[in-house]
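Worksheet: one structure, shown below.
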Amino acid sequence: MPPPGGRGYIAAGYTVEQAVPLIFSRESLPPAPGWLARGLAAAVSLACLTFLVIGARLTPAKGGTGTHEQLGMPPCAFLDRTNLPCPACGFTTSVSHFAHGNIAASVYLQPMGFVIALFFCATVWVAGYVAVTGRPVYRLLGRLPARGILIALLTVAVGAWAWKTFLHLSRRDHWPP
């Protein structure tokens, strides 16, 4: 029986293992990611790095849209039919500006494209860290408020589309402004 106040466990005949809560012991830590998880992390890191390298190899379109056409893709059908940019118009141009180091142009032409490029950069580093060290980051990711992040991303996406539409209709969707 422990003494009053919960102190003096060792003096009362208890062992150190009994006095240390399980949450602080090595047995309570989750297992490190295996080779399959580390390989997947390396693949994700390389995929995001590939998107950034492709963006760096492309020449950003002067009109703020159409950079994807350098990859052999067709022009935006939504833009052609409605003369309004689709929600994804300018993403490739924005990522290309970001990869070239022109952050201001990336944010100006398509703010959500900038967020996507920033996500690619963060994912290259985080997934690369997991692949190289084998240390998990899910505890850190588990602390992020998923609902708040989702709401913020949706708000930025809708706002970026509205901004891109304003730029296009006012004929300001080029860099420099």
- V132 versus A162: modelled label distance in nm, points set 7 Å from Cα along the beta carbon direction: 4.1
- Query: Do any trypsin sites (Lys or Arg not before Pro) in region 57-92 lie in a loop, going by DSSP, with at most 14 other beta-carbon atoms within 10 Å of their beta carbon, and if so which?
  - Reply: K62
- Message: Suppose the chain between Q70 and L169 were pulled fully straight at 0.36 nm per residue; how much longer would it get relative to their current alpha carbon spacing?
- Response: 33.2 nm
- Note on the structure: Here the net charge surrounding F166, from other residues whose Cβ is less than 13 Å away from its Cβ (Lys, Arg +1; Asp, Glu -1), is +2
- Message: Let me make sure I get this right: for region 39-177, a, b and c are the square roots of the gyration tensor eigenvalues over alpha carbons, sorted descending. Under 1.5 in a/c it's rounded, otherwise prolate if a/b > b/c, else oblate. Which is it?
- Response: prolate
- Taking the Cβ of Q70 as the center, what net charge do the other residues with Cβ under 15 Å away carry, scoring Lys and Arg +1 and Asp and Glu -1? +1
- With a cut-off of 15 Å, note down the residues of region 79-94 whose backbone N falls inside the zone around a label point 7 Å from the Cα of I54 toward its beta carbon. 90-94
- With a ≥ b ≥ c taken as the square roots of the eigenvalues of the C-alpha gyration tensor of region 93-174, please select rounded if a/c is under 1.5 and otherwise prolate if a/b is larger than b/c or oblate if it is not? oblate
- Task: Once you have the Cα-Cα distance between L40 and A104, take 0.36 nm times their residue separation minus that, and quote the gain in nm to one decimal.
- Result: 19.7 nm
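Only the coordinates and a few stated rules stand behind these numbers; no lab work does. Computed from a predicted model, the values in this text were never measured in an experiment. Positions of Cβ are backbone-derived with ideal geometry, glycine not excepted, and every protein chain shown enters the neighbour counts.
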